[in-house]
Structures are given as structure tokens and as C-alpha cells.
Amino acid sequence: MEQKNQTILVIAIAITVVLAVLVSFGLPALTGQVPEVSLPDISQEAEGGGDILPVEVTPDTVQSVIATLSRPENCYRELTVTLYWAGGSSSSKIQIWADGDYVKTVAGVGGITQHRLVGDGKLYLWYGGDSTWKETAADQDSFDLAQRIPTYEDVLALDRNLITDAGYQVKNGRDCVFVEVRDTDLDYLDRYWVETATGLLCAAETLADGVTVYSMAEESLQTPLEDGVTFELPDGTVIHECSAVQ
């Protein structure tokens, strides 16, 4: 019975953390005009060798800088999302296929595989081994929720007054734009890393009272998608074919 109670407690903590993280990503849109930033050629070399940073990144300019980054039209990504609590942690492996407005994900959590497919105004959800699915109308947040991770759009929607730090950083061997946000209501500190080469958010973490409670890391990226990639339901119904498919 004690082990069962501990398991329920762990699951409850994990759900609470995920919800708290997702709520923090739903902060109000920017209240002021973001300064416009013009990025020079990143490949330009400085005198004496070395690359010039494209523009200074500060809390005032970081959202404009991120908005200028180009992202692939379609891609395949593998991510690891980890939840931490006192004395333990739990990691989920997430696969993401994205092509325009279509996103499908496969997430393994605690031996259960969850499938989500978003596109054409609909959200489809099922689990490994299912032959049927749940279908609902997709809203503006369905793409982010389907991926179960924050995106660069979440960073652009942050309240500027909550951004406490920004700059260029190398994260997991990748050149990134870094953003740090403090949620005073939840007393959380959120950190994001957007890769400059892809415009994709490749890492994120949340700290509570200085302790990491959530982290996301991109393990691999493939773009463009290979031929033959389809977005289909468990009964084989094809909802969408990748633009790379002839």
C-alpha cells in the first residue's frame, strides 16, 4: 500500500509540474512594442578572424532577434523531457514530425506510448495498440500541447517585464539565443535556448527555488523530412503526406 501511495504521489507531482510549466507558457502577449532589430550577415568575419555576433541580445531585443531566425518548413526531432522531484526523476522520449500546419508526436511515458496528430483544424489522440482514437477541434495551443514542449512562439509571447536575462550561449554544443524568465506568481525561473542555425527551441528548463524541476533537450534533428513520411491514424487513414513526398 505504501508503494502504491508513493507511485500516486510521484504521478501527481509530475502532472502538477507539467501543468505549471504549460501555464507559465501561456503568459499574456507583449504589452509594448518590441524594438525592431536588423541582423547583419552572421557569416561576416571580424578583423583578425572570428565571426561577429549578429546583434547584441538583451532583455529588450531578444524577442525581436528570435523573430528574425529562419526555421525549417518540415523536420523530424527527437527530444528528452525530464521531470525532477525530491529523490528521483522521470524522463520521456518524444518523437516529432512536423510539416507546415501538421504535427505528429509519439511520446513514451511510464511504459505507455501516446500518439497525437494535429492538422486541418483537428486534434487526434490515441495510445499504443489502439485501433480507434479521440478526435477534437484543435485550438491555437494544440500544436504546442501536441509536442508537450515550449516553442519559440511561447518565447515571443512572453511578457517583456518578466524577462530577467538574455544573450548568446552555447547549449549542448549549439549556438543559441538564451532567454531567462521569472514567474513571480509561481516563483519559477524558466530558461530557454533557441538555436540560431535552425530557429528551433532546442532546450528549456524550469527551476523552483533554485532546483531544476523540468528540462527539455533536443537529441537529434533531421530536415527536410524523408520521402514517404505520412501523417496517419491507427487504422491506416492518411491525413497528410509530407511535402517532400512526390
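A few points about this structure:
- Flag if Asp190 is surrounded by fewer than 18 Cβ atoms within 10 Å (Cβ to Cβ) and charged (D, E, K, R): no
- Considering the conditions (1) modelled with pLDDT under 95; (2) touching a Leu at 6+ places or on another chain (Cβ under 8 Å); (3) surrounded by fewer than 19 Cβ atoms within 10 Å (Cβ to Cβ), Asp141 is excluded by exactly one of them, (2).
- Val229 being aliphatic (A, V, I, L, M), touching a Cys at 6+ places or on another chain (Cβ under 7 Å) and surrounded by 18 or more Cβ atoms within 10 Å (Cβ to Cβ): yes
- The requirement of being of a type in the set (A, V, I, L, M), more than 18 Å from the chain's Cα centre (by Cα), surrounded by 14 or more Cβ atoms within 10 Å (Cβ to Cβ) and under 30 Å from Leu117 (Cα atoms) is not satisfied by Val155.
- Filter result for Thr184 (among the β-branched types (Val, Ile, Thr) and within 18 Å of Arg71 (Cβ to Cβ)): no
- Meets criteria (over 26 Å from Ala157 (Cα atoms) and either in contact with a Ser or Thr (Cβ under 6 Å, 6 or more places away or on another chain) or among the β-branched types (Val, Ile, Thr) (or both)) for Ile96: no
- Of the listed requirements (1) within 23 Å of Lys93 (Cα to Cα); (2) crowded, with 20+ Cβ neighbours inside 10 Å, Val179 misses just one: (1).
- The set of residues in segment 116-129 being out of contact with any helix residue (DSSP H, G or I) (no Cβ under 8 Å at 6 or more places or on another chain) and either surrounded by 15 or more Cβ atoms within 10 Å (Cβ to Cβ) or assigned to a strand (DSSP E or B) (or both) consists of Gly119, Lys122, Tyr124, Leu125, Trp126, Tyr127.
The values are calculated or read from the model by the stated rules, or taken from the named source; none is laboratory data. Quantities reported herein were computed from a predicted structural model and do not represent experimental measurements. As a convention, Cβ positions derive from the backbone with ideal geometry for all residues, glycine included, and neighbour counts pool all protein chains shown.
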